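Each remark here refers to the structure printed beneath this line.
The values are calculated or read from the model by the stated rules, or taken from the named source; none is laboratory data. All of these numbers come straight from a predicted model, not from anything done at the bench. Just the protein is used for accessible areas: all its heavy atoms, side chains included, with ligands, DNA and RNA removed. Shrake-Rupley method; radii C 1.70, N 1.55, O 1.52, S 1.80 Å.
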Amino acid sequence: MGELRPLAQDLTQESRALAQALRELFDGLDVSVRRYAARRIRDPGTFSRYLSGTRVPPWEVVMDLFTDLAEHRGTAATPEAIELLRGLHRAAVATGASPKHAVEVLERQLADADRVSRRSTARGDVLGDALLDRKHRIADLEVRLSQLEAEWSAERERADLLAAARPDVSELLRERDALRDEAARLAADLVTAEQRRDQAEARCELLERQLEAIERVQQTATLPVAPRNAQRLPKILVVDDQSDNLLAMSAVLSTLDQELVAVSSGREALKALLDDNDFAVIIMDVQMPDMDGYETAAHIKRRPRTRDVPIIFLTAMGADPEHSARGYAAGAVDYIGKPFDPWVLRAKVAVFTGIHLERRWADR
């Protein structure tokens with residue numbers, strides 16, 4: 001793995017263009033594949049496949065190459081060069097995605113959600129133990145205060161002597177109040193940890209269903225939506241202020257045989273939901289003028305007739321914890337960064353369509 005492999009045969013035009021551009025960046029580093037992979041703590045075989053075009057790398061791998069090349073040469077890449085690579089990468093992902101790649105993406109998301117669930121559970125156990133300890137200490141103080149008050153009432157005639165000899169009640173009261181405040185804070189933290197655990201468990205369940213949808217596609221010709229039973233399929237609402245993104249989404253989801261309602265703003269999305277409530281899922285951009293995705297989601301969740309429609313945020317802002325946490329807080333069920341894997345998106349939409357059909361059948 002020390003030297004570059006030649007470009008793979010039978011590559012799509014988009015994958016070949018991306019691989020050639022990555023090789024040009026890598027050549028500028030004057031380092032072997034194995035050494036660079038060790039520098040970035042990556043598998044050299046996988047990195048070699050990125051450079052030969054047989055695998056499309058995650059976008060962060062491309063940005064790492066830009067960063068390392070800038071450090072090596074002493075000059076940063078131009079915004080035009082980064083945007084050119086972004087376009088090549090987006091095109092390669094759109095044409096070179098596969099069920100196997102989608103499974104890898106979903107399994108990585110499932111691992112992240114499972115890790116959050118386990119950490120939240122452990123955090124909840126710690127908080128629960130701490131809260132129980134504080135409650136026991138408060139109860140002990142309450143008993144001691146009650147005993148002192150009883151003594152004070154029973155021996156009022158000896159009040160002066162008791163006042164001089166007994167412990168400082170005000171100090172005990174302050175200690176009790178401080179413990180009560182701490183117990184209230186721990187209780188709030190415990191509720192938050194339990195909510196995060198429940199949310200992570202729900203995401204794990206959805207991701208497992210999405211993985212099952214991807215695995216089924218390897219045995220059939222098309223991605224299954226759900227047992228249709230001759231039912232009319234629900235619609236999909238796509239919200240993005242960029243017309244080319246709406247066209248791309250329509251092309252990716254056209255194989256699901258569902259009607260797509262494409263709008264370019266949050267206000268149009270709210271109007272579409274007023275006109276028709278038979279939507280299986282909403283796929284929404286975050287960065288939009290006037291009303292961004294978070295604000296639009298808040299309006300949707302406040303309406304009784306639309307609060308249960310699942311929302312998937314699809315954004316170029318990236319899926320880092322800060323942005324994704326804000327997305328989940330706004331009521332989203334998923335948060336996907338661009339460029340996205342078409343197989344992953346179709347699997348997620350298929351699962352929510354199946355859930356919608358199951359709910360519709362149960363309401364009959």
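Quick check on the stretch 1-149: take the gyration tensor over C-alpha atoms, sort the square-rooted eigenvalues as a ≥ b ≥ c, and tell me if it's rounded (a/c under 1.5), prolate or oblate. Prolate, since a/c reaches 1.5 and a/b exceeds b/c. Would you mind classifying the stretch 31-91 by shape? Square roots of the alpha carbon gyration tensor eigenvalues, ordered a ≥ b ≥ c; an a/c under 1.5 is rounded, otherwise it is prolate if a/b is larger than b/c and oblate if not. Since a/c reaches 1.5 but b/c is at least a/b, the shape of the stretch 31-91 is classed as oblate.
Derived scalar couplings between HN and Hα for the stretch 281-293 equal 7, 10, 10, 9, 6, 8, 7, 9, x, 6, 10, 6, x Hz in order, rounded to whole Hz, by the Karplus curve 6.51 cos²θ - 1.76 cosθ + 1.60 (θ = phi - 60°), x for Gly and Pro. Note on residue 361: accessible area approximately 140 square angstrom, rounded to 10, probe 1.4 Å, nucleic acids and ligands left out.
3J(HN,Hα) along the stretch 62-74, derived from phi through the Karplus expression 6.51 cos²θ - 1.76 cosθ + 1.60 where θ = phi - 60°, amounts to 5, 5, 4, 4, 4, 4, 5, 5, 5, 5, 5, 8, x Hz, with x in place of Gly and Pro.
Per residue, the stretch 238-364 exposes 44 Å² of accessible surface when a 1.4 Å probe is rolled over the protein heavy atoms with every protein chain present.
Remark: accessible surface ordering of 356, 136, 89 (largest first) is 136, 356, 89, probe radius 1.4 Å. Rolling a 1.4 angstrom probe over the stretch 1-144 with all protein chains present gives an accessible area of which 51% lies on carbon and sulfur atoms.
Largest accessible area first, the listed residues 291, 63 line up as 63, 291 when surface is computed with a 1.4 Å probe on the assembled protein chains. Computed from backbone phi, the HN-Hα couplings of the stretch 45-60 come to x, 5, 5, 4, 5, 4, 6, 8, x, 7, 9, 8, x, x, 4, 5 Hz, rounded to whole numbers (Karplus: 6.51 cos²θ - 1.76 cosθ + 1.60, θ = phi - 60°; Gly and Pro given as x). Per the Debye formula on identical point scatterers at the alpha carbon atoms of the stretch 288-364, with no solvent, log10 I(q)/I(0) at q = 0.17, 0.19, 0.27 Å⁻¹ is -0.75, -0.90, -1.29.
Close amide H pairs (under 5 Å, H built 1.01 Å from N) link residue 238 with 261, 262, 263, 283, residues at least 5 positions away or on another chain.
Excluding same-chain neighbours fewer than eight residues apart, the lysines reachable from residue 301 by a Cα-Cα span under 26 Å are 235, 271, 338, 348. When 142, 212 are compared by accessible area at a 1.4 angstrom probe, the order from most to least is 212, 142.
Classify the stretch 243-303: rounded, prolate or oblate, from the alpha-carbon gyration tensor (a ≥ b ≥ c, eigenvalue square roots; a/c under 1.5 rounded; otherwise prolate if a/b is larger than b/c)? Since a/c reaches 1.5 but b/c is at least a/b, the shape of the stretch 243-303 is classed as oblate.
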